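The values are calculated or read from the model by the stated rules, or taken from the named source; none is laboratory data. Values in this document were obtained by computation on a predicted structure and should not be read as measured data. Note that each Cβ is placed from the backbone with ideal geometry, even for glycine, and that neighbours are counted across all protein chains shown.
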Amino acid sequence: MKNMKKVLFVAALLAFTFSTFAQTFDLGIKAGINSQKITTDHPSASGYTFSDFKSDAKMGFNIGAFARIGGSKLYLQPELLYSVKKGSTDLAIGTSPSGGLTTGTYTQSVDVNSIQVPLLLGYKLLDLKLASIRAFTGPAMSVIMKSSQIKLTNSGGVAVDPALYNPDTFKNNVWNWQLGAGADVGPLVFDVRYEWGLSNVSDGDATKIGFVNKGNILTFSLGYKFF
């Protein structure tokens, strides 16, 4: 929570500074869908041999508000979003110690619920009377919520006993980098962006079956500017 307050303070300070010299100020709401692919690795859990990691992209969503402060070309866009991201990884356990998981194929499912604060710097590539085309980039900090979860299931879809693996290894906050483009048509705002994970969403526990997860996300969103 302290990190969240720091990010909000910095975003507000930058927005205030930028608005001092800005010619325009817009507020709006937005919602979108995202497709996340989890990159998974594992620590050296004693006695286990892992292989055949295969990640699949899963659909999630985000919803929230944004501000846009700037001049005729350059602008700053802070956002505050509630984000739900999902991912899954199939893996095989070749050998396992007694009393643990048996050998076979398993699926790790990751549901990440967070409050995300992107801070984007944009540039209007084409500015017409009723429409404009933009490009933007910037960091995004996410505060992971307690409702996030990691689940491990066997090939039959049965959940593995959490005592055999670590389902609660999420970081308190995660940093990503976003790059994208968009178009404004009147009050409507269309965006597409790609997000790279700069830090792990979760870290593994070498005393159990644990995984290191980092997400890459493609997002499409639609927004509405009130003024």
Review point. Any idea which residue in segment 78-113 is farthest from ILE217 (Cα to Cα), counting only those that are in a strand (DSSP E or B) and of a type in the set (A, V, I, L, M)?
Key: ILE93
Practice item. Restrict the check to segment 132-148 and report whether at least one residue is closer than 16 Å to LEU74 by Cα, in contact with an Asp or Glu (Cβ under 7 Å, 6 or more places away or on another chain) and surrounded by fewer than 18 Cβ atoms within 10 Å (Cβ to Cβ). Key: yes
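Residues to consider are GLY157, GLY186, GLY204; find the one that is buried (at least 17 other Cβ atoms within 10 Å of the Cβ) and either modelled with pLDDT under 95 or within 18 Å of LEU101 (Cβ to Cβ) (or both).
Working: GLY157 fails: buried (at least 17 other Cβ atoms within 10 Å of the Cβ); GLY186 fails: buried (at least 17 other Cβ atoms within 10 Å of the Cβ).
Being buried (at least 17 other Cβ atoms within 10 Å of the Cβ) and either modelled with pLDDT under 95 or within 18 Å of LEU101 (Cβ to Cβ) (or both) holds for just one of GLY157, GLY186, GLY204, which is GLY204.
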Study note, to complete from the structure: Those residues of segment 107-120 which are more than 18 Å from SER35 (Cα to Cα) and buried (at least 20 other Cβ atoms within 10 Å of the Cβ) amount to VAL117, LEU120
Practice item. For residues that are over 30 Å from ASP205 (Cα atoms), modelled with pLDDT of 60 or more and part of a loop (DSSP other than H, G, I, E, B), tally how many sit in segment 1-60. Key: 1
Review point. Among the residues of segment 171-192, is there at least one that is closer than 27 Å to ASP90 by Cβ and among the β-branched types (Val, Ile, Thr)?
Key: yes
Exercise for review: Can you confirm whether segment 62-75 contains a residue that is loosely packed, with under 14 Cβ neighbours inside 10 Å, modelled with pLDDT of 95 or more and within 30 Å of VAL212 (Cβ to Cβ)?
Suggested key: yes
Practice item. Given the conditions (1) farther than 18 Å from GLY210 by Cβ; (2) touching a Lys or Arg at 6+ places or on another chain (Cβ under 6 Å), report the number of the one that LEU130 does not fulfil. Key: (2)
